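The values are calculated or read from the model by the stated rules, or taken from the named source; none is laboratory data. Owing to the predicted nature of the structure, the values given are computational and were not obtained by experimental measurement. Ideal geometry is used to build each Cβ from the backbone, glycine not excepted, and the neighbour counts take in all protein chains shown. Just the protein is used for accessible areas: all its heavy atoms, side chains included, with ligands, DNA and RNA removed. Shrake-Rupley method; radii C 1.70, N 1.55, O 1.52, S 1.80 Å.
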Amino acid sequence: MQVRDMRMVAPGTTLEADLAIIGTGPAGLSIAREFFGSRVRVILLECGGLAESREVAASEGFESVGAPRVREPRLVRNRVFGGSSHSWSGKCRTFDDIDFERRPWVRFSGWPIGREDVSPYSDRAAELMQLGPNVYDHEMWNILGKARPKRDVSPDLLMPCFWQFARDPKQPMEFLRFGPHFLSQTAENIQAYVHAPVTQLCTDESGRRLTSLEVTPAPGRTVRIVPKIAVLAGGGLENARLLLASRRTRASGVGNQNDLVGRFLMDHPRISLGHYGAKSARAVQARLGLFQLRQRNRTHVYSHGLALSPALQRQKQLLNCAAYLSEHRSEDDPWDALKRLYTRSSPRYLTDMRRAVADPMNLVEGLYQRFAKGRNVRHKVDRLVFDCLVEQQPDPESRVTLSERRDEQGQPIARVNWKISELEKRSVAELASILAQELARIGLGAPIPPAWLAEGGLPESFTDVAHPTGTTRMSDDPAHGVVDRNCRLHEVGNVYVAGSSVFPTASHANPTLMIVSMALRLADWLKHTHFGPTAAEAWKPGAVPA
Ligand SMILES: Cc1cc2nc3c(=O)[nH]c(=O)nc-3n(C[C@H](O)[C@H](O)[C@H](O)COP(=O)(O)OP(=O)(O)OC[C@H]3O[C@@H](n4cnc5c(N)ncnc54)[C@H](O)[C@@H]3O)c2cc1C
């Protein structure tokens, strides 16, 4: 793939395209890929470079004025070709049926589309991401060739759930990085630009049609892009920021006639629900740890956890949330020591040498399992922590607005006022106590509870996990959403939005598989509506597509 540096393009240049895609994360690249080799001329615009630069790493990113956020801003918005897949952990799962439903106890819940509309695309997305079977419920036991556990948790209370990890096909120890994967292919109709921050969406006077995009590779230097269609795929915070900051025609920004852009910001609040010590680790991991599936010369890794059952969510009016195990490795874990030695990152070479060879039989057995059988090695753990991710109740006051502070292009950075409600806290507390009760009942013993749970209270402090969602939410009604069911701005006929910002609610599932599924769905819509054999011929510049 040919990639150009926008800083090398003469200021004042105008570039034309059929389709401009702003952002090269999983959403933008999945859409671009669908046009490989077609006659649609695609321009991809990425504000970062091919690698993360020191300036970008040091830049402020956004201003946080709400619930504390622990993730570094540069991680929440990775400015690099490939977007946040540059630093993600590859964990994937589809959404549950209940996630799409309008639930009377969850304000603003309900997607205008159902799971059946997304499922065919999630299978395609799983293939694109080179995942194993796209199955996440108890059917997975069959696929793994294991009997369903005899002493199981009550299905009225807890639902078994699985996740899997998208890994690089050539380097299985690495998670799938969308950027390098994309760049290894060629397509003459696709032109990618790096160092190409889009700073303005320019519309006609009515504000209903995009006329051009302004790119500002350096202060005072502007390149204009004139596309027929633009897709905004800048990530959950930046999609809202760019719409709000494009104030030439309307002071409220583009697509914001009903003051909805930036509202309903959600993440997946994370908290620990308890832990097990090293002694119980093996038994608990055998039941709720990682499982491997060997298929077509590849090893797929699944993790098994437990979620609140839909029945209990309905009965007790709770949100969808799930718990999974995180290993806290021992300082003298031989495999971590070996990895540090191998990657020459060991700060204490001799100590790591001693750790690596302390148990030679374990070393030989582990290497055999890893290289002959393709299985993961067993690490030495100090504790196993039950972490939990909870979806959020959409809240219009949890929002992204524009800060007084400006970035290097002179654009206002995003001000993030993230809010967490009592419903999230109540849902997590319920999951924690049911988990303890059910794990004790099936013989694994209850985990050691955190202080808030032992005292019978509600959790206070959560951490964010860099999954910003909901800021350009989807609805059939322009009074309640920024984009329609096909991800087109209600207000502007030729601008679409891709990424988690269109999700009306966020499930507990990590978002990227859903992001890629929705991106493929959008690509199909664009092909058929705007660029199909008849649509492309019928296209008249200046006309707003029906
Ligand atoms: C540390 C970490 C771990 C994660 N782990 C997981 C996980 O295990 N599972 C999971 O599902 N998700 C995970 N995520 C989240 C996942 O990375 C995101 O959901 C996903 O990358 C979002 O894809 P996207 O294409 O919508 O946006 P992004 O990946 O954010 O990409 C947006 C791109 O657009 C560019 N851009 C933004 N604005 C502009 C502009 N104005 N002009 C030009 N370019 C612009 C940005 O530079 C960026 O490259 C993790 C994220 C982080 C940070």
Just to be sure I understand the filter: pairs with C-beta atoms under 7 Å, separated by 6 or more residues or on different chains, first member in the range 242-253 and on the phi > 0 side of the Ramachandran plot, second member within 12 Å of the ligand (Cβ to nearest atom) and among the polar types (S, T, N, Q). Which pairs pass? G253/S246
Scan the range 504-521 for residues that are farther than 24 Å from F182 by Cβ, away from the ligand (no atom under 13 Å from the Cβ) and of a type outside the set (V, I, T) and report the count. 1
When residues of the range 176-220 are filtered for being open to solvent by 40 Å² or more (accessible area, probe 1.4 Å), out of contact with any strand residue (DSSP E or B) (no Cβ under 9 Å at 6 or more places or on another chain) and away from the ligand (no atom under 11 Å from the Cβ), how many remain? 11
For the range 38-55, name all the residues that are touching a residue at least 40 places away in the same chain (Cβ under 8 Å), open to solvent by less than 70 Å² (accessible area, probe 1.4 Å) and in a loop (DSSP other than H, G, I, E, B). S38, V40, E46, C47, G48
Just a yes or no: is a residue in the range 232-246 open to solvent by less than 40 Å² (accessible area, probe 1.4 Å) and of a type in the set (D, E, K, R)? yes
So, of the residues in the range 60-76 that are within 12 Å of the ligand (Cβ to nearest atom) and open to solvent by less than 30 Å² (accessible area, probe 1.4 Å), which turns out to be modelled with the lowest pLDDT? V76
Hey, among the residues in the range 154-171 that are under 16 Å from L128 (Cα atoms) and surrounded by fewer than 22 Cβ atoms within 10 Å (Cβ to Cβ), which one's farthest from the ligand (Cβ to nearest atom)? K170
If I filter the range 493-503 down to residues being more than 11 Å from the chain's Cα centre (by Cα) and buried (at least 24 other Cβ atoms within 10 Å of the Cβ), which single residue comes out as nearest to the ligand (Cβ to nearest atom)? A498
Going residue by residue through the range 265-284, is there one that turns out to be closer than 30 Å to V70 by Cα, open to solvent by 50 Å² or more (accessible area, probe 1.4 Å), of a type in the set (K, R) and within 24 Å of the chain's Cα centre (by Cα)? yes
Does the range 385-392 contain at least one residue that is touching a His at 6+ places or on another chain (Cβ under 6 Å), open to solvent by 40 Å² or more (accessible area, probe 1.4 Å) and touching a residue at least 60 places away in the same chain (Cβ under 8 Å)? no
Within the range 464-483, how many residues are open to solvent by 10 Å² or more (accessible area, probe 1.4 Å), within 16 Å of the ligand (Cβ to nearest atom) and over 16 Å from the mean Cα position of the chain (by Cα)? 0
Test result for E16, modelled with pLDDT of 95 or more, buried (at least 18 other Cβ atoms within 10 Å of the Cβ) and under 22 Å from E214 (Cα atoms): no
Which residues, counting only those in the range 78-120, are of a type in the set (A, V, I, L, M) and either within 15 Å of the ligand (Cβ to nearest atom) or surrounded by 18 or more Cβ atoms within 10 Å (Cβ to Cβ) (or both)? V80, I98, V106, V118
Any idea which of (1) within 30 Å of L50 (Cβ to Cβ); (2) in a loop (DSSP other than H, G, I, E, B); (3) without any contact (Cβ under 8 Å) to a residue 60 or more places away in the chain is the one W88 doesn't satisfy? (3)
Consider L319 carefully, then state whether it is crowded, with 22+ Cβ neighbours inside 10 Å, in contact with a His (Cβ under 9 Å, 6 or more places away or on another chain) and under 25 Å from R71 (Cα atoms). yes
